[in-house]
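Quick one: structure below, then a few questions.
The values are calculated or read from the model by the stated rules, or taken from the named source; none is laboratory data. For clarity, every value in this text was computed on a predicted model and none was experimentally measured. All Cβ positions, even for glycine, are placed from backbone atoms using ideal geometry, and neighbour counts span all protein chains on display. Note: areas computed on protein heavy atoms with side chains; ligands, DNA, RNA excluded. Shrake-Rupley method; radii C 1.70, N 1.55, O 1.52, S 1.80 Å.
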Amino acid sequence: MDKKIVVTISREYGSYGREIGRRLAQRLHIAYYDKEILEQTAEQLGVSKMFFTDENLNDAGQFSLSGRMNYGVKYLTELSLSTKAYDTARAIMEELAKNESMVLVGRCANYILRHEPGIISVYCYGDLEDRVRRVIEEYHVPAGRTRKEVLDTDRKRARFYEYFTHRKWGDLADFDVLINTSKKTPEEAVDLLVGVFEEKAKAQG
């Protein structure tokens, strides 16, 4: 395939976005990137790969310097470090998009790569109670605090996204494909996206 096609998947927490992306990449035999972007970012910035995780976002949507994770970055502010992380991840994704077709989950990818002619931007969402159930099943979060964790994670992702993109997180106008995972199984979602990908490939020529 001469023309590169990039499928970006943005998702609410617990909406199967990561699973859909992984299965889609397998079906299409293309690269899949998720945590790998943050691992490369951490390596370039010289911090632990555990630093750039959703769990380490604070209430302002910035990566937290509190506790033991501040080793090696104590002279940076949370904002400056988060800015470095965003800029570094952006450069990594832009370089990848030049070289290969891929599925890219999260990381503001739909915004960063919005001008790429081969982009297909996807947004996965679902009913809150369905997402809470999935988080309990998949991540084994205690039921008593799962609802709060889902809402907190969504809020932190939104604040990070909105700070760096100046766009509203989850604005449906920013996406080519919307998938309600309360109504579609992951396999149905993958079938749909394979069709979209194939149509995009034909249009690319």
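Please report, as a whole percent, how much of the solvent-accessible surface of the chain comes from carbon and sulfur atoms (probe radius 1.4 Å). Present the calculation step by step, with values, prior to reporting the outcome.
Working: 5320 of 10690 Å².
Exposed carbon and sulfur together represent 50 percent of the surface.
In addition: Per the Kirkwood definition applied to all pairs of different Cα atoms, how many angstroms is the hydrodynamic radius of the chain?
Values: mean 1/r = 0.0568 Å⁻¹.
Taking the inverse mean of 1/r over all distinct Cα pairs, the chain comes out at 17.6 Å.
What nm distance separates the two modelled labels at Leu151 and Lys3, each placed 7 Å from Cα along Cα→Cβ?
Placing both labels 7 Å beyond Cα along the Cβ direction yields 4.5 nm.
Going highest first, how would you order 138-147, 152-161, 54-63 by mean Cβ packing within 10 Å?
Values: 138-147: 11.9, 152-161: 18.8, 54-63: 16.4.
Result, highest mean Cβ count within 10 Å first: 152-161, 54-63, 138-147.
When DSSP assigns beta bridges and you keep just the ones with both residues in the chain, what percent turn out antiparallel, to the nearest 5? Each step should come with its number before you reach the end.
Working: 1 of 18 bridges.
So the antiparallel bridges in the chain amount to around 5 percent.
Which of the lysines could a cross-linker span from Lys84 if the Cα-Cα distance has to be under 21 Å and same-chain partners fewer than 8 positions apart are dropped?
Straight-line reach from Lys84, under 21 Å: Lys35, Lys49, Lys74, Lys156.
Normalised radius of gyration for segment 99-205, please: alpha carbon Rg relative to 2.2 N^0.38 Å, two decimal places. Please report the intermediate quantities before stating the final value.
Numbers: Rg = 15.6 Å, N = 107, 2.2 N^0.38 = 13.0 Å.
Here the answer is 1.20, to two decimals.
Going by the alpha-carbon gyration tensor, a ≥ b ≥ c the square roots of its eigenvalues, is segment 150-204 rounded (a/c under 1.5) or, if a/c is not under 1.5, prolate (a/b greater than b/c) versus oblate?
Numbers: a/c = 3.41, a/b = 1.57, b/c = 2.18.
Taking the square roots of the gyration eigenvalues as a ≥ b ≥ c, segment 150-204 is oblate.
Starting from the Cα of Glu137, step 7 Å toward the Cβ, then list every residue of segment 156-191 with an amide N under 15 Å from that point.
Zone members listed by number: 181-189.
Could you please state, rounded to a whole Å, how far the C-alpha centre of segment 105-149 is from the C-alpha centre of segment 160-187?
Comparing the Cα centres of segment 105-149 and segment 160-187, I get a distance of 9 Å.
In square angstrom, what is the accessible area per residue of segment 1-42 with a 1.4 angstrom probe? Intermediate results must be reported in sequence, preceding the final value.
Details: 1840 Å² over 42 residues.
Here the residues of segment 1-42 average 44 Å² of exposed surface.
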